[in-house]
Each structure stands twice: as C-alpha cells, then as structure tokens.
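The values are calculated or read from the model by the stated rules, or taken from the named source; none is laboratory data. From a predicted model like this one, the values you see are computed outputs, not experimental measurements. When we count neighbours, we look across all protein chains shown, and the Cβ atoms used for this are built from the backbone with ideal geometry, even at glycine. Just so you know, the surface numbers come from the protein's heavy atoms only, side chains and all, with ligands and any DNA or RNA stripped out. Shrake-Rupley method; radii C 1.70, N 1.55, O 1.52, S 1.80 Å.
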Amino acid sequence: MSLRRLCLITAVVLLGAAAYRVGPTSADEWLPISPEELKMTSDAAAPGAPAIILYRQVNRDDSNAHVPHEYDYVREKIFTEEGRKYADVEIPFVHGDYDIVNIRARTVRPDGSSVIYDGKVYEKEIVKARGFKYLAKTFTLTDVQPGSIIEYHYMIDFKENYVFDSNWVLSSDLFTKSAKFTLKPYGEWALMWSWPNGLPEGVKPPVEEHNTSHNIEMEAQNIPAFQVEDDMPPEAAMKFRVDFTYKEDGLESDPEKFWKKQGKKLNDYTESFVNKRKAMEQAVAEIVSAGDSPEVKLQKIYARAQKVRNLSFEVEKTEQEQKRIKEKEPGNVEEEWKRGYGYGDDITLLFLGLARAAGLDASAVKISTRDDRFFVKNLMRARDLRTYVILVKLNGKDMYFDPGTAFTPYGLLPWSETGTLGLKLDKEGGTWVTTSTPESSASQIDRKADLKLTQEGSLEGKLTVTYSGLEALYRRLEERNEDDAERKKSLENNVRYMIPAAVEVDLTNKPDWSSSDPKLVAEFNLKVPGWVSGAGRRAIMPVGLFDAAEKHMCEHSTRVHPLYFHYRLQKVDDVKIELPLGWQVSSVPKPANDDAKLLLYTMKAENDNGTLHIERLMRSDLIILEQKFYPALRRFYEVVRTSDEQQIVLQPAATSASK
C-alpha cells in the first residue's frame, strides 16, 4: 500500500459520534495493589509530578500475521489536584491501521475500595501535530481525587500484516516507575530489533527467552517523563523506543549490500509500472507542442499529471462504496492514463513516464520523509523509503518533483520530502541522493494592510494576505475536505492569530483552493478596536501589528529538545495607516536591523504626510538547531520583541490645535 493511501487514511478521518458501553469486568483482571502504592503521596524520582505511571505492560503478538494484536495495561497514581486531569483518558489510534477494543477501567480510592467504570467510551478526532490528525478512544473515570489510583487495559487489533511496524514506545508524558514489554514474533521471517534513540539510563536491552516461545522481553524502571516542546522534532525521533524489523530473505548485516538488493527490487517494480513507451509517447503528443522548449514541456507535463484524479486525497470511501464504483488500482501508467485516476505514487510515476517520452532526463527516486521520524540507513528497513519523487536534469540543474501530492506547485516538494535522503533507482541498485530544500523566499507570508486610524483609536481597513509556496500548499492540503464556511473560518482565525489584540475580521474574496498555483490570496475587512491608547496629551501606537507569533517564540528559559522547523520561511509586512485629520506624528522608532545569518529581522516606520508606513521583515533559514544554541536564538527573539513593542507617539487633533 502506498504511503499516500496510508496518509489519506490518517488525514481525512472524521469526528466519530458513535459510542459504546464498557462491558462487565471481573475482579481477577486487575493486578494486585500493594499498601505502599495506596499510601504514596509522591515519588522522589519524579519530584513535583502531579501523577506517575506505577506500572505499564505491553504484550505484542505478531505470531499470526493475519490477526496481530497487542494487550496494554496502565496503572497511574494521582498525587495532586492537577493530576486529576489524567482521569480524562485518550487512547490514540489510526483508523484503518488498527482499532482499540475491550477497554476496561476502574478507579481505586485511597482506602483501597474501587469503582468499576461502566460509562461510555467515545471516539473523537484529535490533532497531534501540525497537519496530522488521529482518532482517539476517550472516557473519563469517576471519583478520582489526590491519592487515587486509576488503571485501565485494552486490546489493539491491528490490520492484517501490520507486523511490519512492530515497536514498543517506552516514553510517556508521565514518569513510569516500572514497565514490562513482550513480543511474540512472527516466526516465518528473521527478526532484528534496535533502539535508535537509546534506552533510559539503567535499562537493559531486550532479550530473547528461549525457554518459552522465543519471545522478546524487556523490563524497565524509572523511565523519565517525555517533555513536549514547541517546534521540536517528531516525537518518534525523540522518544525512547524499540523497533522491530522483519526480514523476508534473512538478516543482512551489511547496509550497502542490503540497499543494493532493495534498490534492484524497487527499480524492477518501478520500471515494470512505467515502461509503456508507446502509450506515453501518444499521451505526450496531446500535451506538448513540437516547438516547446524542454522547460515548457516539463511544465505542461507536470500540469497535466496533476489533473489526473488523485485517489489519495479524496475522502475515504466505505467498502460498499468502493465495490459499487469498482475502481481498481492501475497496474501501469498506460492503464492509469486511460482510466484517468490513480493514487499519489501512481501519478508521480505517470509524470516520470511522460517526461521520459518527451525526451527529458528523468529518474525515479524512492525517498524517506521527515514528518514522523528521521531516516537511518544502517537500520536497513526498506519500508522507511516511503514515497516517490522524480529527479529531472534540466539545463544542467537537478530538479525534484512530486505531482502526486495534491496542490504542490511546480518546482517544489512537500516540506516532509525536502532535504531528505532517497535512493535514485537504476538496474545496478541505485545511488543515494538528497532532495533539495527551497530558500525562504519560496515560502512566504505577505501581509499588506491599508488602514485608517479612527478618532477613537481603532484601526479599520483592508488586509490582503498572500501565502506563497509551501505556505499555500500547507493550507490547501489542510482545508481540502472542508466546505467554504470552514475555509473562511480558518483564514479568519489565521489573521486573529497574527495580531496580538482582539480583532474583527471578515474574508471578502474567494481564494483559489483547488489549484497548484504558488500563491493563495485572501482579502479581508479588518478592524482592530483600541489599537491606539492615550497617555496624557499623547496617543501611543505599537509598531508591531502582526507580531503575535514572535511574541511567543522561545518563551521558556531552558530547552530539552533540538528545535525543528518544517521549512525556511519569510514574513513580509507592508502596513499603511492614514491618520485622522489634524493628527500629528511626534516620533517614530529608529529602523531596526538584526542580522543573525540564518535569521533576519528588519523594521522601518516612516511618516509620509499624515500616513504612517511600517515595513517589517522576518526571515528564518533554520530547519534544525541543536538545543545548545537555544540561548542565542532566544536572545534574537528578545530583540525582535523589544523592537516590535516600540511606540509610535501621536498627537491627536485637539492637542495639536492647542499648541
């Protein structure tokens, strides 16, 4: 199954309204609770924690690949009033990949008596990270107070053959006092395991128990709580975890030999799908003209490939709907061209076939992505090369394309596919390449405001926000399945997020949501009540109108994880404010220019015959930054905040007249 079909399953799930009741339980399903656990009021290993996990158990069973499943048991101790929030339990899952069943839960009071949960378990949508949506089973335990113990257990039913993504995630948002993990492996293939982010201090690696059924087991104590921070790398790249990899053709210890073999397999499949030269030449003849330059040919072919109906970005259909419409996945580019539809990778490979038929130098590249983890060649997991991009050599320059991701502008890749490693395929097994990373100017937010200041100190007028490049792509992908009302609300909320004050904002145009145009333009009527405040005979106006995001950058004094930004970005502000008749400008701040190489901030405020003109630029060329450089980054944003908070001093009409 292609990555994009899996992403579709993940990204388009809808809020579930269905609920079911937890069935009856019996006393023997709960592990014994010791008197010491009941009496606990804190834990020296987690000072100040509102709650901890006393015990966690994970029993994964891959022995039957048709019905892989996992049993999870969690026991938590509540210490404080704040800790009562853990009575609201959320168990995330990905619809289509697995389901959570047989949930049982109870509250144990400080005196040892218990209350079995017999309420409803709901299914709702939760957002775990920018651009990624998941479902969760949720319920709220009753009678939870400081001193209580809450515990619950459940079964995860994985889809068929989901054994190929087996793992134990050791880290939790709470400190874990004790945990036990087991895996009953799939016995037909060789198995290797690794812990790419290391193991907690004092925890010994997993061991294979030959006395049972060759189960893999591990016990762990004192696993530190995982701290979530803004702008951090993917959690999977930071949490303590053990990953299991099954090898169909045995264990290969040499990464170079492993990837050469995998590269040949990938190339054989790719060429068998693309190698329909005659059909592609006929198709290209319908797309390009004989006199077109190579660049024009490439642009036309890219645009035509994106017109193919993309099944990966449609709302998921029920099994009955799929049977009714009888849409079969194309077996090659010729079938895809005739049928007019395909999944994301199919469309990308169609683009490859068309480009080659037009005489262009084009190659398939199977790449890793950096949205939920980082690629490590030595782990030798073929599935970590998750999707296709196409490398075209044009006028001596390497250009990467992915028309299979909806709305991606010509010449750009989705952010998760930029700056990442991939295998350029050929019959010899391929060569490693790294995809390009666009400059900050390719992904930009332009905010142009033409406003008037009222006598009461409010700003009113027009605002145009232009999202370019990856900013436009991100918003189109996020809103692709929403109606006009939801899209309007989303854009208006974006404006509210930009301005550090309560605003009235109304979208007045109809942005182009359906194309791959590199720009998405939104126009608004804007009112900012009370933006100017009085100070004696003066009126004071902050210079930073769109600085809300920067106000919250690097707020904390310390940093645990590296900083991770999806792509380079520029924000360009051009604000004109017409003053009321008779108002005068007493002073404007001096221009600011703070160039920190990978970061740039400039600001200039001028008075032009009763009209204030404020220009501001924020440019960030950062992708990842080690936490040791966090103090320098924090100092930069302190300078930005200080500059944005500078005041423009005005004299209202009455004051000016008296003088």
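With the structure loaded, tell me whether residue 553 is assigned to a strand (DSSP E or B) and within 35 Å of the chain's Cα centre (by Cα) or whether it fails that test.
Numbers: assigned to a strand (DSSP E or B): no; within 35 Å of the chain's Cα centre (by Cα): yes.
In short, no.
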Count - residues of region 555-577 that are open to solvent by 90 Å² or more (accessible area, probe 1.4 Å) and closer than 30 Å to residue 457 by Cβ
1
Sort out which residues of region 595-626 are within 21 Å of residue 643 (Cα to Cα) and touching a Pro at 6+ places or on another chain (Cβ under 8 Å), and write them in order of number.
602, 603, 604, 605
Looking at (1) within 19 Å of the chain's Cα centre (by Cα); (2) farther than 30 Å from residue 382 by Cβ; (3) polar (S, T, N, Q); (4) open to solvent by less than 30 Å² (accessible area, probe 1.4 Å), find the lone condition where residue 481 falls short.
(4)
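Of all residues in region 384-433 being β-branched (Val, Ile, Thr) and within 16 Å of residue 350 (Cβ to Cβ), which is surrounded by the most Cβ atoms within 10 Å (Cβ to Cβ)? Break it down into steps so the answer makes sense when it comes.
We begin by selecting, within region 384-433, every residue β-branched (Val, Ile, Thr); these are 387, 389-390, 392, 405, 408, 418, 420, 431, 433.
Cutting the leftovers down to within 16 Å of residue 350 (Cβ to Cβ) gives us 387, 389-390, 392, 405, 408.
Values: 387: 24, 389: 28, 390: 24, 392: 21, 405: 26, 408: 24.
Among those residues, the one meeting the criterion is 389.
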At least 3 residues that are aliphatic (A, V, I, L, M), touching a residue at least 60 places away in the same chain (Cβ under 8 Å) and within 30 Å of residue 581 (Cβ to Cβ) in each: list the strands (runs of 3 or more DSSP E) lying fully within region 423-525 that qualify.
444-453
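With respect to residue 263, is the statement that it is among the small types (Gly, Ala, Ser) and part of a loop (DSSP other than H, G, I, E, B) true? Even if it seems obvious, please write down each step before you answer.
Numbers: among the small types (Gly, Ala, Ser): yes; part of a loop (DSSP other than H, G, I, E, B): no.
In short, no.
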Test for residue 109: is it over 26 Å from the mean Cα position of the chain (by Cα), open to solvent by 60 Å² or more (accessible area, probe 1.4 Å), closer than 28 Å to residue 232 by Cα and not acidic (Asp, Glu)
no
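Can you pull out the residues in region 285-302 that are open to solvent by less than 70 Å² (accessible area, probe 1.4 Å), of a type outside the set (D, E, K, R) and more than 36 Å from the chain's Cα centre (by Cα)? So that I can check it myself, show each step before the final result.
Initially, region 285-302 is screened for residues open to solvent by less than 70 Å² (accessible area, probe 1.4 Å), giving 287-289, 292-298, 301-302.
Applying the additional criterion that residues be of a type outside the set (D, E, K, R) yields 287-289, 293-294, 296, 298, 301-302.
If the condition is that a residue be open to solvent by less than 70 Å² (accessible area, probe 1.4 Å), of a type outside the set (D, E, K, R) and more than 36 Å from the chain's Cα centre (by Cα), then 288, 289, 293 are the ones that fit.
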Which numbered condition in (1) buried (at least 17 other Cβ atoms within 10 Å of the Cβ); (2) closer than 24 Å to residue 382 by Cα; (3) not aromatic (Phe, Trp, Tyr) is the only one that residue 179 fails?
(2)
When region 517-549 is checked residue by residue, the ones that are open to solvent by 10 Å² or more (accessible area, probe 1.4 Å) and of a type in the set (D, E, K, R) are 517, 519, 523, 527, 537, 538
Just to be sure I understand the filter: pairs with C-beta atoms under 9 Å, separated by 6 or more residues or on different chains, first member in region 326-345 and open to solvent by 40 Å² or more (accessible area, probe 1.4 Å), second member aromatic (Phe, Trp, Tyr). Which pairs pass?
327/341; 329/343; 331/273
Residue 15 vs (1) loosely packed, with under 13 Cβ neighbours inside 10 Å; (2) modelled with pLDDT of 95 or more: all pass except (2)
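Can you name the residue in region 360-381 that is free of Cβ contacts under 8 Å to residues at least 60 places away in the same chain and part of a loop (DSSP other than H, G, I, E, B) and, of all such residues, is surrounded by the most Cβ atoms within 10 Å (Cβ to Cβ)?
368
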